[in-house]
Amino acid sequence: MRHEEEASGQRIYPAGALPDPKIRAELRDITRFGEQNPTLSPSRVGSTRYLLMQEVPWFGKRDLKREIAELEAEGAKGRTLGTWAELSSRIKSAYAQLYYVHRNERLSHEILDLMTRLEKVAQVRYSSGLAAQQDVIRAQVEQTNIRNELVALENERRQLQARMNALLARPAGALLAEPERLRPLPVPAKLDFVALEDRVRARNPQLFTEEARIKAAEKSRDLAYKNRYPDFTIGVSPIQYRNSVREWELMVELNIPLQQSSRRAQERESEAMLSAARARREAAANQVLAELSESLSGLDAARRTETLTATSLLPQAELTFQAALAGYETGKVDFATLLDAQRQIRQAKQILIKAQAEAQARLAEIERLLGDEL
């Protein structure tokens, strides 16, 4: 996209430049009234006319063409910014997903170790005749299920690593460091919709590109109306007799704009294209602002879920598990209750990790819409 942007910038000067001049040579009376054989030597024909011509567009047309090219280059710049914003957002989202999978793997290993310890507790109670063999089997089944989940998580991690390498233009199997931490979330004051709406309207790459298209369409409309006026061709012509130039001529040529129906159709086309550009920008603005509102709401929900889980749900689940473990060791609760308490802890931690990753994905989406970091 940067190369295409550079190419668009190089079109500006040629768009406003004059066409190349033309030169014509006419050998007149190459037989000199039949007195000699035909010849192509300028000094031996009756006369030689040289004509140097230059096409000159109507006043203002060159400026309009140059301005249209400049605005198209601005549009290319907006597309470049949009491409980077999209790529950056995808990298950030992929990193958040990698973090989520990595933390989930770590959590699964922790739960697997916990289930191994619970299996030993169940075996001790079974050997003492205080619990059924079914408790030991349940603990082993739970461990097998966790190992199956680890296989699925490993597969997902490898896929995400390949995707991340592709986004970074690296070989699919290139090594990646494990994600250690997430970016800190911005303070709520920076996530005000009204303030961000102004930034989006001013800096969103898509809206920037659509605005450039509107301006280019306006200039194209003005150029279409300029085509009502003729273009000129001017020329100078020296005429050679034998070995010397004895005459000079000047010429002016212009096209006659008689095809009015064709020109009116072109003008209506330019008006329709301008209306389309304006409608496209309005639709893009509505879509971008709707996505901004959706992402802000999602980020707020993820932040609140993380806070509620960390301060309430997770501590409650840990207390429930400790109470269930103590109750099972004393024979007051069964093994199913202990497993359920363990699952509650795992579920709470998964909700916490998922909320953190979701907040990062929403943050990446907001920054994509802004075209800049928050």
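Couple of notes before you dig in:
- Identified option (computed volume of the Cα convex hull per residue in Å³; candidates [x] 135; [y] 242; [z] 232): [z]
- Burial order of peptide ranges 319-327, 216-224, 192-200 (average beta-carbon count within 10 Å, highest first): 216-224, 319-327, 192-200
- Straightening the chain between Ala162 and Glu110 buys 16.1 nm, computed as 0.36 nm per residue apart minus the Cα-Cα spacing.
- The chain: most fluctuating residue of Leu52, Leu87, Leu112 per GNM, C-alpha cutoff 10 Å: Leu52
- Look at the dipole of the stretch 213-344 built from charges on Cβ: of Leu299, Ala216, Ala323, the Cα furthest out on the positive end belongs to Ala216.
- Here Phe59 and Glu4 are evaluated by their C-beta separation; at R0 = 41 Å the FRET efficiency comes out at 0.80.
- Summing Lys and Arg as +1 and Asp and Glu as -1 over all other residues whose Cβ lies under 13 Å from the Cβ of Arg163 gives a net charge of +4.
- For Arg90, the shell of other residues with beta-carbons less than 11 Å away shows a net charge of +1, using +1 for Lys and Arg and -1 for Asp and Glu.
- Built amide H within the under 5 Å cut-off of Val56, gap 5+: Phe232, Thr233, Ile234
- Most fluctuating residue given options Arg246, Arg201, Arg157, as computed from a GNM of the chain linking Cα atoms under 10 Å: Arg246
- Working ranking of peptides 177-187, 360-370 by packing, defined as the average number of other Cβ atoms within 10 Å per residue, highest first, is 360-370, 177-187.
- Taken as Cα centroids, the stretch 227-294 and the stretch 141-208 sit 49 Å apart, rounded to the nearest whole angstrom.
- Student exercise, the stretch 310-374 dipole from Lys, Arg, Asp, Glu Cβ charges, in Debye to nearest 20: 220
- Listed by chain and number, the aspartates and glutamates whose alpha-carbon sits under 19 Å from that of Lys354, ignoring those within fewer than 8 places in the same chain, are Glu105, Glu110, Glu149, Glu154, Glu156, Glu178, Glu180, Glu294, Asp300, Glu306, Glu318, Glu365.
- Span-like helix criteria (full DSSP H runs; alpha carbon extent of at least 27 Å along the helix axis; mean Kyte-Doolittle hydropathy of at least -0.5) are satisfied in the chain by 335-370.
- Across Lys120/Lys349; Lys77/Lys349; Lys22/Lys219; Lys92/Lys120; Lys22/Lys226, pairs whose alpha-carbon gap is larger than 32 Å: Lys77/Lys349; Lys92/Lys120
- Calculated FRET efficiency for the pair Trp248/Glu35, C-beta based, R₀ 25 Å, to 0.05: 0.40
- Simple point charges give the picture: +1 on the Cβ of Lys and Arg, -1 on the Cβ of Asp and Glu, and for the chain a dipole about the Cα centre of about 800 debye.
- Under 20 Å from the Val124 label point (7 Å along Cα→beta-carbon), backbone N, the stretch 334-373: 334-342
None of the figures in this text is laboratory data; all of them are computed from the coordinates on show. Computed from a predicted structure; not experimentally measured. Note that we place each Cβ from the backbone using ideal geometry, even for glycine, and neighbour counts take in every protein chain shown.
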